[in-house]
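Asks: Below: one structure in structure tokens.
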Amino acid sequence: MPQRILIVDDEPKVVDVIKSFLEGEGFEVHALFDGSSVVKTVDQLKPDLVILDWMLPGVSGIDVCRELRSASAIPIIMVTARSEEVDRVLGLEMGADDYIAKPFGLRELVARIRSVLRRAQQQPAPEPVYVRGNLKIDEARFRVWKNGEEIALTPAEFQMLVTLAAKPGVVYSRLQLLQTVMGNAYMNYERTVDSHISHLRRKIEDNPSNPRYIQTVHGMGYRFGDDL
């Protein structure tokens, strides 16, 4: 079965070009031109990945991303003409798995899609279930609970959490986390780790501004608290 991609962009000509190219690469492609029905369409269509434009009429791409992420771990690539670092960080903090700025090459887009899909579809080797404080982390089943309530994490967030929780107290640099979670292809994106960590803290910490689980070691990186 071909992998299913949903494109959300308000420029029909852009959508046609991307759709045609992706179909030539073997993907099944569907399109929407505004953000109002994205969540409903994702629920019905069950795509493998969403390509989401930032600037949409009505509901913005950032708001759509936030809404999708609150209900699903579906991979999301934000596509936008906004190329400032603060915009990239905002997109990642809202739950996007990757971010590509216009103008971009179609082959680069395909490479990003395949990379994100690989990360999302990796089947981890069976591992023990980690119980850390109020968290329960089942690596083999890709599931996390806090106080018995399941939490939806993106693939990148989950892999970062497992990496840190497996060795409480051990400090990981941003580059080490990036290599562990995303591989060498993302070695120029170390600062995106901060965005994923920020988003992860909002999901698992009682007080994200004073985290118990994922602690910052200034000048070095992050560690999982070893006093839980």
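Asks: Considering only DSSP beta bridges whose two residues both sit in the chain, what percent are antiparallel, to the nearest 5?
Replies: 50
Asks: ³J(HN,Hα) across region 34-46 via Karplus (A = 6.51, B = -1.76, C = 1.60, θ = phi - 60°), whole Hz, x for Gly/Pro?
Replies: Result, ordered by residue: 8, x, 5, 10, 5, 4, 5, 5, 4, 5, 7, 7, 6 Hz.
Asks: Most exposed first by the Cβ proxy, i.e. fewest other Cβ within 10 Å, how do Glu157, Glu150, Glu67 rank?
Replies: Glu150, Glu67, Glu157
Asks: Could you give me the ³J(HN,Hα) list for region 9-17, computed from phi with Karplus coefficients 6.51, -1.76, 1.60 and θ = phi - 60°, whole Hz, x at Gly and Pro?
Replies: 7, 8, 10, x, 5, 5, 4, 4, 5
Asks: Report which label in (1) 54, 47, 25; (2) 42, 41, 29; (3) 55, 34, 32 holds the value of Cα extents along the principal axes in Å derived from the coordinates of this structure.
Replies: Of the listed options (1) 54, 47, 25; (2) 42, 41, 29; (3) 55, 34, 32, (3) comes from this structure.
Asks: Given R₀ = 25 Å, FRET efficiency for Val217-Trp145 by Cβ-Cβ distance, to 0.05?
Replies: 0.40
Asks: Apply 1/(1 + (r/R0)^6) to the Cβ-Cβ distance of Val129 and Arg202, taking R0 = 25 Å, and write down the FRET efficiency to the nearest 0.05.
Replies: That pair, Val129 with Arg202, gives E of 0.60.
Asks: I'd like the Karplus ³J(HN,Hα) series for region 204-214: coefficients 6.51, -1.76, 1.60, θ = phi - 60°, whole numbers in Hz, and an x wherever there's a Gly or Pro.
Replies: 10, 8, 5, 9, x, 7, 9, x, 8, 7, 9
Asks: Follow-up. Which of the lysines could be linked to Lys13 by a straight reach, that is with a Cα gap under 19 Å, when you skip same-chain ones fewer than 8 residues away?
Replies: Result set, ordered by chain and number: Lys102.
Asks: Can I ask one more? Filter Lys46/Lys146; Lys19/Lys146; Lys40/Lys146; Lys46/Lys203 down to the pairs with a C-alpha to C-alpha distance above 32 Å, please.
Replies: Lys19/Lys146
Asks: Suppose R0 equals 25 Å; then what is the FRET efficiency for Asp43 and Arg118 from their Cβ-Cβ distance, rounded to the nearest 0.05?
Replies: Efficiency, rounded to the nearest 0.05: 0.55.
No value in this document is a laboratory result; all are computed from the given coordinates. Treat the numbers as computed from the prediction; the structure is a model and nothing was measured. Note that we place each Cβ from the backbone using ideal geometry, even for glycine, and neighbour counts take in every protein chain shown.
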